[in-house]
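Encoded as structure tokens, the structure appears first; notes follow it.
The values are calculated or read from the model by the stated rules, or taken from the named source; none is laboratory data. Nothing here was measured: the structure is a model prediction, and the numbers come from that model. Because the Cβ atoms are built from the backbone with ideal geometry, glycine has one as well, and the counts that use them run over all protein chains shown. Ligands, DNA and RNA are stripped out before the accessible areas are found, and what is left, the full protein with its side chains, is counted by its heavy atoms. Shrake-Rupley method; radii C 1.70, N 1.55, O 1.52, S 1.80 Å.
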Amino acid sequence: MAPTPLDAVHRNVPTTRLTVLGVPNSASAYCMGVERAPAALREAGLLEALSATGLEVVDAGDLTMRPWRPDPRHPFAQNVDEEAEATAELAAAAGTLLGKGRRLLVLGGSCVVAIGVCAGMRIAGARPQLVYLDRHLDLNTPASTTEGSLSWMGMAHALGLEGAVPELMDAAGRSPILAPADLVYLGADLTDGTTQWERDQIEALGIEIVGQAAMCADPTRAATRARGHLADEPYVVHLDVDVLDFLDAPIAENVNGRNSGPTISALGRSLAVLIGDPQCWGLSIGQLDPNHAASDPTALPRLIGTLGAAFTPAPSAGEELAT
């Protein structure tokens, strides 16, 4: 079913509610660990920090727990059936939680959560648009790499690229879920593991990239540029925490991002732009490994503080005059 046109009241409506939803799923990751991220963020005080912003914060709990297991039946698309189920479940939930005056914060899990959230936008009546904040492009398919981790292939399936597996492409409804013009990358490092296949897709599809160097140099300007590549309509943001410098924030499943990438503080300046836009309907987070985060007890509190600041509602005109 095609999305219905957005009513004018969907635009510039003050956000009064933020729903937090956990997706404890590592089925498409490289190993177990990231499925524990929703619990770890709550235990570290996420809900309290968000409530302090003045928003009405609703904890919607967690969807189904799906831990990674070796899957010899699908060596190049590990646990594809479980990941398809997780995507369909998230899409259905997000479709009821996104919309006028409401935002959604999804705690993954693997980066495939971005597909489910975009599908939820379509269910809610919006054209899916996505700012993908990640070190990597995630444009591989089971036909282009032998890695086997679908968390490295999420955007290929959202775009319906050749070689993507139908089970995951179709899990969230009509495929593709994203058009190339509705996807922009922020913080990508094309020197870190980008395959020739991915480079070819970027060139062929004309997808915009605001890279790691630009984000590190001026996080505010980089985020503004990324936002400007999308239409002036609702969009969501996905954050793979491996975009961060692993030495500043050792929280990602992927530990290769040492000495490169933005700090949590720099990330906060980008998120302030992206989430501060009234057209931003929500944020999903992926690839956070609490086992790694335990190495720096300040890392999760700093990330939570950054999220709280980004979601803090802007003062109304009357409030600004009063101050």
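General observations
- Cβ charges +1 (Lys, Arg) and -1 (Asp, Glu), total dipole of region 90-206, debye: 780
- The coefficient of translational diffusion for region 19-90, derived via Stokes-Einstein from the alpha carbon Kirkwood radius under 25 °C and 0.890 mPa s, stands at 183 µm²/s.
- Three principal axis extents describe the C-alpha atoms of region 149-290; from largest down they are 38, 34, 30 Å.
- Inter-probe distance in nm under a simple model that places probes 7 Å from Cα toward Cβ, at Ala204 and Thr16: 4.8
- Cα-based Kirkwood hydrodynamic radius, the chain, one decimal, Å: 19.2
- Gyration tensor over alpha-carbon atoms, region 153-221, equivalent ellipsoid semi-axes in Å: 25, 14, 10
- Only protein atoms count toward the accessible area here, which uses a 1.4 Å probe; on region 213-284, the carbon and sulfur part of that area reaches 50 percent.
- Overall, the chain carries a charge dipole of about 620 debye about its Cα centre when +1 sits on the Cβ of Lys and Arg and -1 on the Cβ of Asp and Glu, all other atoms neutral.
- In the context of the full set of protein chains, region 128-237 has a per residue accessible area of 36 Å² (1.4 Å probe).
- Cα→Cβ-extended label distance, 7 Å offset, between Ala294 and Glu147, nm: 2.6
- Pairwise FRET efficiency - Thr96 versus Ala52, Cβ, R0 = 22 Å, nearest 0.05: 0.25
- Note, ³J(HN,Hα) from phi for region 93-107, Karplus 6.51, -1.76, 1.60, rounded to Hz, x at Gly and Pro: 5, 4, x, 8, 10, 9, x, 3, x, 10, 10, 10, 10, 9, 9
- Measuring nothing but how far apart in sequence close Cα pairs (under 8 Å, 6+ apart) lie, relative to its length, region 47-194 scores a relative contact order of 25 percent.
- Diffusion coefficient, µm² s⁻¹, Stokes-Einstein with Kirkwood Rh over alpha-carbon pairs of region 77-140 at 25 °C and 0.890 mPa s: 197
- The mean sequence distance of close C-alpha pairs (under 8 Å, at least 6 residues apart), as a share of the length of the chain, puts its relative contact order at 21 percent.
- Dipole orientation for region 169-307: of the candidates Phe246, Ile209, Thr298, Thr298 has the Cα lying most toward the positive pole (charges on Cβ; Lys, Arg +1; Asp, Glu -1).
- Remark: relative contact order (region 56-123) = 32 percent; criterion is Cα-Cα distance under 8 angstrom and separation of 6 or more residues.
- For region 181-229, projected area of the alpha-carbon convex hull averaged over all directions, nm²: 3.3
- 222 nm mean residue ellipticity, helices alone, for the chain (DSSP H n ≥ 4; -39,500 (n - 2.57); rounded to 500): -10000 deg cm²/dmol
- Amide proton proximity set for Leu247, modelled H, under 5 Å, gap of 5+: Asn259, Ser260
- Computed over Cα pairs, the Kirkwood radius of region 65-222 leads via Stokes-Einstein (1.306 mPa s, 10 °C) to a diffusion coefficient of 99 µm² per second.
- Here each label is just a point 7 Å from Cα along the line to Cβ, and for Thr224 and Ala60 those points are 3.3 nm apart.
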